[in-house]
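A short worksheet on the structure shown next.
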Amino acid sequence: MDQQPWRNPRPAPSIPEICAKTPAPRALGWFWAWWPAMVWSGVIFTMSTDTFSAEQTKWFFEPILRWLIPGLAQSQYDLMHHVIRKCA
């Protein structure tokens, strides 16, 4: 018989043997790992609706920007509004 010292004489483990040594996933651990992704996907979903479109957020940003920069032209305001919305 040819000796191969690099070869492991033990056969690969079977699926039931692997499953017996692997702990079952816990719901709390799964939630703890995934809650930031779920919250962020909810934020993205909410911000993608018509409620947060440019026409709907204009009433909120325009008075603030007009108060901060009184001499703001409409084209400058439109650009700033666009940048604020895209950064959000």
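The values are calculated or read from the model by the stated rules, or taken from the named source; none is laboratory data. Quick caveat: nothing in here was measured; it's all calculated off a predicted structure. Cβ placement follows ideal geometry from the backbone for every residue including glycine, while neighbour counts extend to all protein chains displayed. Side chains are part of the model used for accessible areas, which takes the heavy atoms of the whole protein and leaves out ligands, DNA and RNA. Shrake-Rupley method; radii C 1.70, N 1.55, O 1.52, S 1.80 Å.
Screening LEU65, LEU72 for residues that are at pLDDT 85 or above, in a loop (DSSP other than H, G, I, E, B) and open to solvent by less than 70 Å² (accessible area, probe 1.4 Å) leaves exactly one candidate, LEU72. Among the residues of the stretch 1-30, count how many are open to solvent by 100 Å² or more (accessible area, probe 1.4 Å) and in a helix (DSSP H, G or I). Count: 4.
Here is the figure for the stretch 75-88: residues that are loosely packed, with under 12 Cβ neighbours inside 10 Å, within 18 Å of MET47 (Cα to Cα) and of a type outside the set (A, V, I, L, M) total 3.
Just so you know, in the stretch 8-57 the residues that are farther than 30 Å from HIS81 by Cβ, of a type in the set (Gly, Ala, Ser) and within 22 Å of the chain's Cα centre (by Cα) include one that is modelled with the highest pLDDT, and it is ALA33.
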